[in-house]
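Data first, discussion second: the structure below is written as structure tokens.
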Amino acid sequence: MSNGWHELPLVFFTVLSQCVVGTFIILVYGWFSNNDSLVRKNILTRMFILWIMMSVAFAASTFHLGSPFRALNSLNRIGHSALSNEIAAGSAFFGIAGLWWLTSWINILPLKLAKFFSFVAVISGLLFLYLITIVYSSVPTIPTWNNTFTPLSFYMTSLIVSPVLGATLLHSSGVELKNNMLHIFMALAIFLSLMITLLQWHDLSLISTTLYRGNEILPEFTWLVGLKYSFIIFGVFLSLFVISKRISTNPVWLFLPCVMVFSGEVIGRFIFYSLHFTVGLI
């Protein structure tokens, strides 16, 4: 588990980033498909939460560098280094999406141009998501990361956390949500995530060196996975329950499910970093 504790800055950077990109896409869709100017304004106002989260994510990532003052050095090899490409793409997304948000919020762009600008921002976010996975899945000396389960599990973070936060922000903005579709989507997302985790556990048993086996790296894997999905399932259930207006929709009840689901994914990312397993070494 020592690797997981050591990489906590990256745990928060990756989970927050993936959450922000996915939620941004959902909010853009809500903004794009709504004709009510007041609701659109509400969506943009609540989107400010995403920029706070993205700022925290980048701030957390600098602590992985040993000194925050080395942050700019991570951009020295754009086009050649997966890490440099990731940081550049994240910065581009932050800049493009943030500029779109600001110009839309103060309403200085024609609607058609704003819609096109939002599309560019979404594309930059998707590129950022993809390049985050490349940093880890393209390292052949770490077989526990160098496989298809890394990008799949990273994408599932966006597919699980983002709908909960996105639905919460849209609901509080006055958008009417199709609860049946949301229930089905979230159930499928959790099921797929669980299947990926089970397949990954099987794959770990096949990874070994003369000294160690992959599924022995983290003895706490089983109960940590159980804790992860306990947080996620309860958080999703509570979110759907609140959004269905069966209980009070005050801010505490709205955002508590988001915190729970986010915590579940943080545990999952902690597991990921704790599975660091270098070829030829214990």
For the chain, longest principal axis from Cα atoms; helix 37-46 axis from its Cα atoms; angle between them, nearest 10 degrees, is 30
Accessible-area composition of segment 87-149, carbon plus sulfur, in percent [1.4 Å probe]: 79
Using only Cα atoms, find the angle between the long axis of helix 48-62 and the longest principal axis of the chain, and express it within 0 to 90 degrees, rounded to the nearest 10. 20
Pick from Met186, Met156, Met195: which is most flexible by mean-square fluctuation in a GNM of the chain where alpha carbon atoms under 10 Å apart are linked? Met195
Quick check: convex hull of the Cα atoms in the chain, volume per residue, rounded to a whole Å³? 129
Rounded to the nearest 10 degrees, the helix 221-243 long axis (Cα) sits at an angle to the longest Cα principal axis of the chain of 10
Using a Gaussian network for the chain with springs between C-alpha atoms less than 10 Å apart, which of these wobbles most: Ser244, Ser158, Ser124? Ser244
Among Val56, Val21, Val261: highest mean-square fluctuation, GNM of the chain, C-alpha pairs under 10 Å: Val56
In Å², what does the accessible area per residue of the chain work out to with a 1.4 Å probe? 49
Judged on accessible area alone, 1.4 Å probe, highest first, Arg46, Arg40, Arg269 line up as Arg46, Arg40, Arg269
Quick one: compute the contact order of the chain, relative version, from alpha carbon pairs under 8 angstrom and 6+ residues apart, as a percent. 26
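The values are calculated or read from the model by the stated rules, or taken from the named source; none is laboratory data. This is a predicted model, so every value here is computed, not measured. Each accessible area value is taken on the protein alone, full model and side chains, heavy atoms only, with ligands, DNA and RNA left out. Shrake-Rupley method; radii C 1.70, N 1.55, O 1.52, S 1.80 Å.
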